[in-house]
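Have a look at the structure below before the remarks.
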Amino acid sequence: MGSISYAKTPGRTTDQELRAYLAENLHPGHRIVAQATRPTFSGGYGEWSRELFAAVDDGDGNVTCHVLLGASHSGDIVIKALHETMGPNENPDPPRRVLDALTPTSNRCALVFREMAREALQRKDAAKAMAGYTIEFDIALDYGGGWGKLTRFTVESMTRFTGPDGCGRFRAPAAWWMRNWVVVDGPAFAA
């Protein structure tokens, strides 16, 4: 599967470029029902930094999920357009509003995509409840700066961890809830 690249519009973010590309390339009669952009899961698509999920109505009442991957390099935007029926099944993480807007389908790839996306939502909901708990990842996260590789953290929020001993404050990796982790202690502090 290929991608397209072109000079980025000055002043536009990658998210704005993804939204504009989708709007400009919709088939006649199609309309966007719901959409959202977010960082890609770092263990997933490699060089892609952002993704857009869109529920698109085809004009006949069929609403399916379109996925755009995006990255900016040296003043260019690079976009890969995918569809749920193509099986973009590596850590799909569309928001609930996009999933809820989709209409029933019998396409096997789309069904797998949607099942994995619902699982991602359940994992995210579980992660939100972990504030104050200490968790341990099966694969160490490398924080450098003298911290090295760490597996155990206390969840402060969806975007922040602290060391389980209260030392250090760390930015949580994007979509950390999609990694393998277990609760080892908690709650350390009130959320």
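The values are calculated or read from the model by the stated rules, or taken from the named source; none is laboratory data. All of these numbers come straight from a predicted model, not from anything done at the bench. Reconstructed Cβ throughout: ideal geometry from the backbone, glycine too, with neighbour counts over all protein chains shown. To get the accessible areas, we keep the full protein, side chains included, count just its heavy atoms, and leave off ligands, DNA and RNA. Shrake-Rupley method; radii C 1.70, N 1.55, O 1.52, S 1.80 Å.
Step by step: first the residues of region 116-155, then only those that are surrounded by 12 or more Cβ atoms within 10 Å (Cβ to Cβ) and among the acidic types (Asp, Glu), then the one that is modelled with the lowest pLDDT. Which residue is that? Among those residues, the one meeting the criterion is GLU119. Checked across region 3-10, the condition of being part of a strand (DSSP E or B) and of a type in the set (Lys, Arg) holds for no residue.
Close contacts from region 23-35, counting a first residue that is assigned to a loop (DSSP other than H, G, I, E, B) and a second that is of a type in the set (Gly, Ala, Ser), with Cβ to Cβ under 9 Å and a gap of 6+ residues or different chains, come to ASN25/ALA81; HIS27/GLY59; PRO28/GLY59; GLY29/GLY59; HIS30/GLY59. Residues considered: VAL112, VAL183. Of these, the only one that is open to solvent by 40 Å² or more (accessible area, probe 1.4 Å) and closer than 29 Å to HIS83 by Cα is VAL112.
Taking THR103 as the residue in question, decide whether it is modelled with pLDDT of 95 or more, closer than 30 Å to HIS66 by Cβ and exposed (fewer than 14 other Cβ atoms within 10 Å of the Cβ).
Details: modelled with pLDDT of 95 or more: yes; closer than 30 Å to HIS66 by Cβ: yes; exposed (fewer than 14 other Cβ atoms within 10 Å of the Cβ): yes.
In short, yes.
Tell me which of these ILE77 doesn't satisfy, since it passes every other one: (1) open to solvent by 10 Å² or more (accessible area, probe 1.4 Å); (2) within 19 Å of LEU18 (Cβ to Cβ). Result: ILE77 fails condition (1) only. Considering only residues that are at pLDDT 95 or above and β-branched (Val, Ile, Thr), which ones fall in region 20-75? Within region 20-75, ILE32, VAL33, VAL56, VAL63, THR64 meet the criteria.
The residue of region 113-129 that is farthest from GLU156 (Cα to Cα), among those that are touching a Pro at 6+ places or on another chain (Cβ under 9 Å) and among the hydrophobic types (A, V, I, L, M, F, W, C), is PHE113. So which residues in region 80-100 are open to solvent by less than 50 Å² (accessible area, probe 1.4 Å) and either at pLDDT below 95 or farther than 18 Å from VAL63 by Cβ (or both)? Once the filter is applied, which keeps residues that are open to solvent by less than 50 Å² (accessible area, probe 1.4 Å) and either at pLDDT below 95 or farther than 18 Å from VAL63 by Cβ (or both), region 80-100 yields LYS80, LEU82, HIS83, GLU84, GLY87, PRO88, ASN89, ASN91, PRO92, ASP93, PRO94, PRO95.
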